[in-house]
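For reference, the structure discussed in these notes is given below.
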Amino acid sequence: MRASVVLLVLIVLTAPNLNDRPSSNLVSAEDTGLLEPGLMLYEVSPAKPLEFISFMNVGDSALDAGEYSVSDGEGTLTLPKVALPPGGILTMIRSPTDLPSIASRDQVFLYEDPAVLRKGTFALADQGDQVLLLLGDRPIDAFCYGEANAPFGWEGPPFHFIDKAHMAQRIATSTGMRSNDAWISSVVGRSMYNPFECDGLVTPVVHPDDGSEKIIDLIHSSSSIDVCIYTLESMEITAALTSSAERGAKVRILLEGQPVGGMSTYEKRAIAEMVAVGVGVLTVRSNDSYRRYEYIHSKFAVFDSRYVSISSENWGYGLNNNRGWGAIIDSTALASYMTDIFEDLSDDRFGDVRNEQGLDARPISQLRPRAPLPKSMPAYHANITVITSPRSALGPITGLLDDAQRMIFIEAMSLDLEWFERSGLLEAVRSSAKRGVEVKILLGPMDQTDDRTNSVSEISRTMAGLPVECKIISPYHNFTSVHNKGIIVDDAVVVSSINLVPYAFEENFEVGAIITSAELSSMFANFFLEDWQDDPEAPVIVLSGQGAEWKEGRPIMIDASSSHDNSGRVNISWDVDGDGDYEIKGPILSISLGPGEHRVQVRAVDGQGNAAFVNFTLVVKRSGSVPLSKVVLSAPTICIFSMLAYRSFQKRIKKR
């Protein structure tokens, strides 16, 4: 564990026992008010076999813990007589444990320790209970959860049920903060990291345009590679990683071991292939229903203790098919910070990290690395703030939205509108819009999640009269789906793995970067505005016949009926002799021309006004006189050919 990045390291829980008895009231509303504490309740976990409660000294000087006791209304524990320094934590556990986050603490005592005085039966109930901290016989702090009645000193409703493998953790220690606002739900062993700010050189990555090339280039050129990613299914990247390991590079991979829908057969084979050549592959999995994070959903990698890749995309199909944003950051300071996070996530002492041996899968046959592409990547000077979930990403993003001056562009795979409002993000957007900030919100296709239409209509309704637009992306783009989680605010752009849904901010491990650079913000804004267009792509013109040799007196037939557009609608017109007048309409050019060279331009326009042009030259050779019979016979032939070609074109359009 590295103190430079870990803000809090907590403890491991297991399943609650739903048959525990309900709690009783502790103190009545007639009792005296709470005293100013030096000691406060810090963590509460009713789960067995690791029921525990901890206390923190929030005062300015050391205190004697033996002057304090804790009660649940049916039993009381008087804390042991130990000196607790400012910021010190004392932990009381119901049963012995060798879990690392407990073992690393200085002051840990069993309920039944001889140094602990006991009265009655102190046992936290899973359904709900009250906890009261006393100095002598006077209450100084209170907490309640689940079905318990609120004790005196607690404001508002009880904290919610504390779920399996979870605990309540205090985040506010100021006087009077004895309510839900002072506590969060967390998982023992889960770490929270402070945002990390640095300057660096940033190479933008936009998918599917960039595909996997920039990542593969880094893999081939690096001697050490650490990857923490949700899924890894790309054959090219797997080949590059195995090739790097075979040439002696140190390669470590940390994967989500239980992705939604399960790990694919290909990913299992990719793991087997990498393990076979010495790649260290770890997966995060539940251990007796315990794991520190709901999912390892981040997509970051560290190369040569210098470059850090942060992205919205997993290393698989999406790199070449999804719309997603990423960044490759050149900063040794950031690389060190992210390496520390990688080490913390990989800590196998918590029981949720597994060292893989190929998952009993057959290695991929004929797996060969693509030859490295020696490319220089353009980079831009920027200020970078790396944010992580759970818990430490919401504040910086909310502040960014709230401080907007010119524009807010959001392109998101999903958006939970109820949570978006509850979290304060919607209000931050609304506040900026009221100051005249331009807001555009672009959501992924409707078939990705259920409630897109409602989110769009509700945002439009609540933002009526403000410069806010919200819509679902059209299907007429060069990518399969929107997997992005991108935000642009003035000169800053957010690239991250964090979907705009509650579990991404509260339960998953996620990584993002707030990159401040006018150049990069403008670049990503241009990509966003292209996606904002319903149909940014011009039609594709397909011609046949334009290269043929033509003779004077014979009909000229050029067919553009195979031209197409992603919207399915194409209008074809022709300008003959370059006068700027598209005098001939329709997919077939049927014309007779005199000898010489004739410049022709064909124009194709789709329903959004996007136009494509092709220029070519028709060369008509002099052939002398033409028999009258051939001229007469050619007229019906031209008519029949034109009618058949036009009908074929119409059928193609209808099918699209």
Check: In the stretch 422-463, what residues are at pLDDT 95 or above and assigned to a helix (DSSP H, G or I)?
Finding: LEU425, LEU426, GLU427, ALA428, VAL429, ARG430, SER431, SER432, ALA433, LYS434
Check: Could you count how many residues in the stretch 273-307 are in a loop (DSSP other than H, G, I, E, B), under 28 Å from ARG247 (Cβ atoms) and of a type outside the set (A, V, I, L, M)?
Finding: 5
Next item on the list: Would you check which residues across the stretch 82-111 are in a loop (DSSP other than H, G, I, E, B), surrounded by fewer than 18 Cβ atoms within 10 Å (Cβ to Cβ) and touching a Ser or Thr at 6+ places or on another chain (Cβ under 9 Å) and list them?
Entry: PRO85, PRO86, ARG105
Checklist line | Subset of the stretch 464-499 (residues that are assigned to a strand (DSSP E or B), of a type in the set (Val, Ile, Thr) and surrounded by 23 or more Cβ atoms within 10 Å (Cβ to Cβ)) | finding: VAL482, ILE487, ILE488, VAL489, VAL493, VAL494, VAL495
Checklist line | Of the criteria (1) surrounded by 12 or more Cβ atoms within 10 Å (Cβ to Cβ); (2) at pLDDT 90 or above, which one LYS585 fails | finding: (1)
Check: If you go through the stretch 546-577 one residue at a time, how many are part of a loop (DSSP other than H, G, I, E, B), more than 43 Å from the chain's Cα centre (by Cα) and within 23 Å of ASP606 (Cα to Cα)?
Finding: 2
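Table: residues versus (1) in a loop (DSSP other than H, G, I, E, B); (2) of a type outside the set (Phe, Trp, Tyr); (3) under 30 Å from ARG349 (Cβ atoms); (4) touching a Leu at 6+ places or on another chain (Cβ under 7 Å).
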| residue | (1), (2), (3), (4) |
| --- | --- |
| ALA125 | yes, yes, yes, no |
| GLN130 | no, yes, no, yes |
| LEU133 | no, yes, no, yes |
| ILE140 | no, yes, no, yes |
| GLY153 | yes, yes, no, yes |
| ILE162 | yes, yes, yes, no |
| ASP181 | no, yes, no, no |
| SER186 | no, yes, yes, yes |
Check: Quick one: PRO475 ticks every box in (1) over 24 Å from ASN194 (Cα atoms); (2) in contact (Cβ under 8 Å) with a residue 60 or more places away in the chain; (3) touching a Gly at 6+ places or on another chain (Cβ under 9 Å) bar one, so which box is it?
Finding: (3)
Next item on the list: Quickly run through the stretch 394-421 and pick out the residues that are farther than 20 Å from PRO467 by Cα and either over 22 Å from the mean Cα position of the chain (by Cα) or without any contact (Cβ under 8 Å) to a residue 24 or more places away in the chain (or both).
Entry: GLY395, GLU418
Margin query: Among the residues in the stretch 220-234, are any surrounded by 19 or more Cβ atoms within 10 Å (Cβ to Cβ), more than 30 Å from ARG291 (Cα to Cα) and either among the aromatic types (Phe, Trp, Tyr) or touching a strand residue (DSSP E or B) at 6+ places or on another chain (Cβ under 8 Å) (or both)?
Written below: yes
Next item on the list: Could you please find all residues in the stretch 314-339 being in contact with a strand residue (DSSP E or B) (Cβ under 6 Å, 6 or more places away or on another chain), part of a helix (DSSP H, G or I) and modelled with pLDDT of 95 or more?
Entry: ALA333, LEU334, ALA335, TYR337, MET338, THR339
Next item on the list: For the stretch 402-420, enumerate the residues that are of a type outside the set (A, V, I, L, M, F, W, C), modelled with pLDDT under 95 and buried (at least 16 other Cβ atoms within 10 Å of the Cβ).
Entry: SER414, ASP416
Check: Of the residues GLU256, GLU236, which single one is more than 18 Å from the chain's Cα centre (by Cα) and either closer than 18 Å to ILE328 by Cβ or of a type in the set (D, E, K, R) (or both)?
Finding: GLU236
Next item on the list: Go through the stretch 205-241 and count every residue that is among the hydroxyl-bearing types (Ser, Thr, Tyr), outside any helix (DSSP H, G or I) and within 25 Å of SER481 (Cβ to Cβ).
Entry: 4
Item checked: So MET235, is it at pLDDT below 95, assigned by TED's automatic domain parsing to the domain that holds MET338 and not basic (Lys, Arg) -> yes
Note to self: Going residue by residue through the stretch 238-250, is there one that turns out to be crowded, with 23+ Cβ neighbours inside 10 Å, under 24 Å from ASN508 (Cα atoms) and not polar (S, T, N, Q)?
What the structure shows: no
Notebook entry, point to check: Does the stretch 524-534 contain at least one residue that is part of a strand (DSSP E or B) and either within 25 Å of SER481 (Cβ to Cβ) or in contact with a Ser or Thr (Cβ under 9 Å, 6 or more places away or on another chain) (or both)?
Noted result: no
Item checked: Test for ILE310: is it at pLDDT 95 or above, in the same structural domain as HIS220 (by TED's automatic domain parsing), not hydroxyl-bearing (Ser, Thr, Tyr) and not in a strand (DSSP E or B) -> no
Notebook entry, point to check: For the stretch 253-266, how many residues meet the condition of being touching a helix residue (DSSP H, G or I) at 6+ places or on another chain (Cβ under 9 Å) and buried (at least 18 other Cβ atoms within 10 Å of the Cβ)?
Noted result: 5
Check: Within the bounds of the stretch 182-192, is there any residue that is of a type outside the set (Phe, Trp, Tyr) and either within 27 Å of ALA379 (Cβ to Cβ) or modelled with pLDDT of 95 or more (or both)?
Finding: no
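The values are calculated or read from the model by the stated rules, or taken from the named source; none is laboratory data. Small disclaimer: the values here were computed from a predicted structure and weren't measured. All Cβ positions, glycine included, derive from the backbone under ideal geometry; neighbour counts span all protein chains shown.
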